[in-house]
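Here's the structure, in structure tokens; my notes come after.
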Ligand code: PMV
């Protein structure tokens, strides 16, 4: 069977930074995100008894070895085990946005792969099961199974079956924009897994960071439900800066930002002081994601485009969850 799925990346408003178990990829704390419509991964999977290894094509390039290939093949093993099949798979995946550049392509990538591969394998999983499965590929992918705003639950079980995301409010709940300032092209130097592990092992701030998250999750949920922009701005910027502070305090310190990233932080805060409703968040890379209400999109875009060092600006909006778009025998 052959199946094609679409998924969007998501951006965390309350960050995930740290694992309680590496093998099952279990987060140390919860997180809260918005799924980003306007950026898309489209993935087709077919299991084929006639091939003797998985074949992976990403953005028209064959990936036949190395960590990227291993990550996909390992994920396909999980699907095969669950479905009780042995056939290898052909995976063809396309992103319509830059891959591996801090735009959460692993979130949309593994969410799309989870939906396409399980359908192609004949499995019929619930959204929670799909989310827990997507988590095995990438922690943030668990959240892209859902549209709109989602909360990732850290769970308490050792097997991770209760570590999945749940919807908070759908994409039509709040017409926000997330405007992305691309400040550098190319893949990041320190992967999020490496960054998390080093922070966990060496940062004196790691435990305090993890302890701070559950209250932020609770507050962010309430702010989203009440569409309270100022409160969400407060929580999201604090969560982002605390995550980066914990990483910077590791040894050697992890600095994902460049000069333009820092300029943008100041410019966003200054614009907010002057009356433009905007706030920033930053993941494991130098890009800055700026939230604003839909009616402030043009002003927000201008603010970012007008900043020296910004190479590109992408506008996203609340998007739908991962979904199957085609299935054939
Ligand atoms: O999904 P991962 O393992 O790439 O980790 C994502 C980490 C951050 O993007 C920095 C934060 C988050 O919650 O998405």
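When the criteria are applied in full, residue 268 fails the requirement of being within 24 Å of the chain's Cα centre (by Cα), in a strand (DSSP E or B), away from the ligand (no atom under 16 Å from the Cβ) and within 21 Å of residue 12 (Cβ to Cβ).
Which of the residues that make up the range 154-190 are touching a helix residue (DSSP H, G or I) at 6+ places or on another chain (Cβ under 9 Å) and on the phi > 0 side of the Ramachandran plot? Selection gives 155, 160. Within the option set 235, 224, 168, 190, being over 30 Å from residue 23 (Cα atoms), touching a residue at least 40 places away in the same chain (Cβ under 8 Å) and within 15 Å of the ligand (Cβ to nearest atom) holds for one residue only, 235.
Within the bounds of the range 117-128, is there any residue that is within 16 Å of the ligand (Cβ to nearest atom) and in contact (Cβ under 8 Å) with a residue 12 or more places away in the chain? For the range 117-128, residues within 16 Å of the ligand (Cβ to nearest atom) and in contact (Cβ under 8 Å) with a residue 12 or more places away in the chain: absent.
Considering each of 22, 51 in turn, give the residue that is surrounded by fewer than 16 Cβ atoms within 10 Å (Cβ to Cβ) and in contact with a strand residue (DSSP E or B) (Cβ under 6 Å, 6 or more places away or on another chain). Steps first, please.
Values: 22 fails: in contact with a strand residue (DSSP E or B) (Cβ under 6 Å, 6 or more places away or on another chain).
Matching residue, one of 22, 51: 51.
Of all residues being in contact (Cβ under 8 Å) with a residue 24 or more places away in the chain and over 17 Å from residue 26 (Cβ atoms) in the range 204-221, which is surrounded by the fewest Cβ atoms within 10 Å (Cβ to Cβ)? Just the residue, please. Break it down stepwise before answering.
As a first pass, look at the range 204-221 and keep what is in contact (Cβ under 8 Å) with a residue 24 or more places away in the chain: 204-206, 208-210, 212-214, 216-217, 220-221.
From the residues that got through so far, the ones that are over 17 Å from residue 26 (Cβ atoms) too are 204-205, 208, 212, 216, 220-221.
Values: 204: 10, 205: 17, 208: 13, 212: 17, 216: 22, 220: 26, 221: 19.
Per the criteria, the residue is 204.
Those strands (runs of 3 or more DSSP E) of the range 1-109 in which 2 or more residues are within 16 Å of the ligand (Cβ to nearest atom) occupy 10-14, 19-21, 31-37.
Looking at the range 305-317, can you tell me whether even one residue there is farther than 30 Å from residue 120 by Cα and in a helix (DSSP H, G or I)? So far as the range 305-317 goes, yes, one or more of its residues are farther than 30 Å from residue 120 by Cα and in a helix (DSSP H, G or I). Among the residues of this structure, residue 147 counts as one that is crowded, with 21+ Cβ neighbours inside 10 Å, more than 22 Å from residue 287 (Cα to Cα) and more than 16 Å from the ligand (Cβ to nearest atom).
If you go through the range 256-265 and keep only what is assigned to a loop (DSSP other than H, G, I, E, B) and within 19 Å of residue 236 (Cα to Cα), you end up with 256, 257.
Can you give me the number of residues within the range 271-304 that are outside any loop (DSSP other than H, G, I, E, B) and either within 16 Å of the chain's Cα centre (by Cα) or touching a residue at least 12 places away in the same chain (Cβ under 8 Å) (or both)? Total meeting the criteria: 19.
The single condition among (1) in contact with a helix residue (DSSP H, G or I) (Cβ under 8 Å, 6 or more places away or on another chain); (2) within 16 Å of the ligand (Cβ to nearest atom); (3) in contact (Cβ under 8 Å) with a residue 40 or more places away in the chain that residue 257 does not satisfy is (3). Candidates are the residues of the range 150-164 that are in contact with a strand residue (DSSP E or B) (Cβ under 9 Å, 6 or more places away or on another chain) and free of Cβ contacts under 8 Å to residues at least 40 places away in the same chain; the one that is surrounded by the fewest Cβ atoms within 10 Å (Cβ to Cβ) is 157.
Residue 240 passes every criterion in (1) surrounded by fewer than 17 Cβ atoms within 10 Å (Cβ to Cβ); (2) assigned to a helix (DSSP H, G or I) apart from (1).
Every number here is computed from the coordinates shown, using simple stated rules; none is lab data. Quick caveat, the model's predicted, so the values are computed rather than measured. Note that each Cβ is placed from the backbone with ideal geometry, even for glycine, and that neighbours are counted across all protein chains shown.
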